1. Using +1 at the C-beta of Lys and Arg and -1 at the C-beta of Asp and Glu, which of 70, 28, 84 has the Cα lying farthest in the positive direction of the dipole of the stretch 20-108?
2. Using amide H atoms built 1.01 Å from N in the peptide plane, name the residues 5+ places from residue 103, or on other chains, whose amide H lies under 5 Å from its own.
3. Tell me the label-point distance for the pair residue 30, residue 95, using the 7 Å Cα-to-Cβ offset, in nm and rounded to one decimal.
4. Can you give me the long-range amide H partners of residue 80? Hydrogens built in the peptide plane at 1.01 Å from N, cutoff under 5 Å, separation of 5 or more residues or another chain.
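Just so it is clear, none of the values below were taken in a lab; they were calculated from the coordinates. As the structure is a computational prediction, the values presented were derived from the model and not from experiment. Reconstructed Cβ throughout: ideal geometry from the backbone, glycine too, with neighbour counts over all protein chains shown.
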Amino acid sequence: MAWGGPITDTYWGFRIGSSHVHQGYQNAFSAWVLSTVSAFESKTTGGKGQWAGVRYKTIDFWDWLQTDQGAIAGGATNSFNGKYDNPAENGITGYFSNGMAYQWEPVYHDPPSNDW
């Protein structure tokens, strides 16, 4: 997921995404700034609340990905075998909210990188 928008009052914003999400693509600090610092608050309808939600969902995602050893690894996907197959039918367990399954190599594993 990538997102952005202006710091002016032009009232636009964007979000793009794919089937996969990496732990490193999330930025809880930016979401905090966009939902709490008046100079950066979204001017779109409901934008401030959406950024606050992103902040908490990002922290939940990191917590879900954190290993017993302390490292945060991998990501999640709603795709398997390069399409929307059910990951559970292929032995992958461990689900984040919205039915996204754990993926140890997001994007590069499903399908493998350079194997299109």
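1. 28
2. The list, which skips near neighbours in sequence, is 75, 76, 77.
3. 3.0
4. Amide H to amide H, under 5 Å and 5 or more residues apart or across chains, residue 80 pairs with 85.
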